[in-house]
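The values are calculated or read from the model by the stated rules, or taken from the named source; none is laboratory data. Keep in mind that this is a model prediction, so the values were computed, not measured. Cβ coordinates were reconstructed from backbone atoms using ideal geometry, including for glycine residues, and neighbour counts include every protein chain displayed. These area figures cover heavy atoms from the full protein model, side chains too; ligands, DNA and RNA do not enter into them. Shrake-Rupley method; radii C 1.70, N 1.55, O 1.52, S 1.80 Å.
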Amino acid sequence: MAYNGSVDVNELMESLKLNESVQSLTRLDRYPPYSPFYGIMGVVCSSVFSSIGAAYGTAVSGTGISATAVMRPEMIMKSIIPVVMAGIIAIYGLVVSVLLSGELGPSTQYSLPTGYMHLGAGLATGLCGLAAGYAVGEVGDTGVRHISEQPRLFIGMILILIFAEVLGLYGLIIGIYLYTVNIRT
């Protein structure tokens, strides 16, 4: 079927092996050829945004570790905690991406509402991971610089890092919930 600037609906329906029934049109409306695109974008958003957040958190915390290592080399191992916590955020995105990619299928079996739900799951996980990575990075940088001057701030820094990390965990929970929602077809 060559494209000449116009669409012949009958020819399109014939090439898709549809007859002109309401049921066939409803099925095409529910399972359009582009429906897997939304699920794929959910997978991409989950992994990419979470990884960006984790990379930012690692990089910013790493600069604080470098500054702390110059003044107090014995505090380096305590200073690594923000970097570890930032790396965990990327794992949240990876978990949701793997779950979503396991559900992807051809457009005849993957409905448009399912694609929307998987896009929402990926965006929720990815954007929460991005925000959590930013928070862990900023808190980690400032925290490790200041615990080298006042070691009693260590517990406070850890508590604030936990609260920042929980933002990514909330995104993981929302992503898994949206993944498990059963949309009636």
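Would you pick out the residues in the stretch 97-115 that are open to solvent by less than 30 Å² (accessible area, probe 1.4 Å) and assigned to a helix (DSSP H, G or I)?
S97, L100, L112, G115
If a residue has to be more than 14 Å from I147 (Cα to Cα), of a type in the set (A, V, I, L, M, F, W, C) and open to solvent by less than 40 Å² (accessible area, probe 1.4 Å) to count, how many in the stretch 45-69 make the cut?
So the answer is 3.
Checking L159 against (1) in contact (Cβ under 8 Å) with a residue 40 or more places away in the chain; (2) part of a helix (DSSP H, G or I): exactly one of these is not met. Which one?
Here L159 meets the rest and fails (1).
Does any residue in the stretch 67-78 that is of a type in the set (S, T, Y) come within less than 8 Å, Cβ to Cβ, of a residue that is open to solvent by 80 Å² or more (accessible area, probe 1.4 Å) and in a helix (DSSP H, G or I) six or more places away or on a different chain, and which pairs are these?
Final answer for the pair search is T68/R145.
Out of (1) over 16 Å from the mean Cα position of the chain (by Cα); (2) aliphatic (A, V, I, L, M); (3) surrounded by fewer than 21 Cβ atoms within 10 Å (Cβ to Cβ), the odd one out for L94 is which?
Among (1) over 16 Å from the mean Cα position of the chain (by Cα); (2) aliphatic (A, V, I, L, M); (3) surrounded by fewer than 21 Cβ atoms within 10 Å (Cβ to Cβ), the lone unmet condition for L94 is (1).
What's the total number of residues in the stretch 116-151 that are touching a Ser or Thr at 6+ places or on another chain (Cβ under 6 Å) and surrounded by 24 or more Cβ atoms within 10 Å (Cβ to Cβ)?
7
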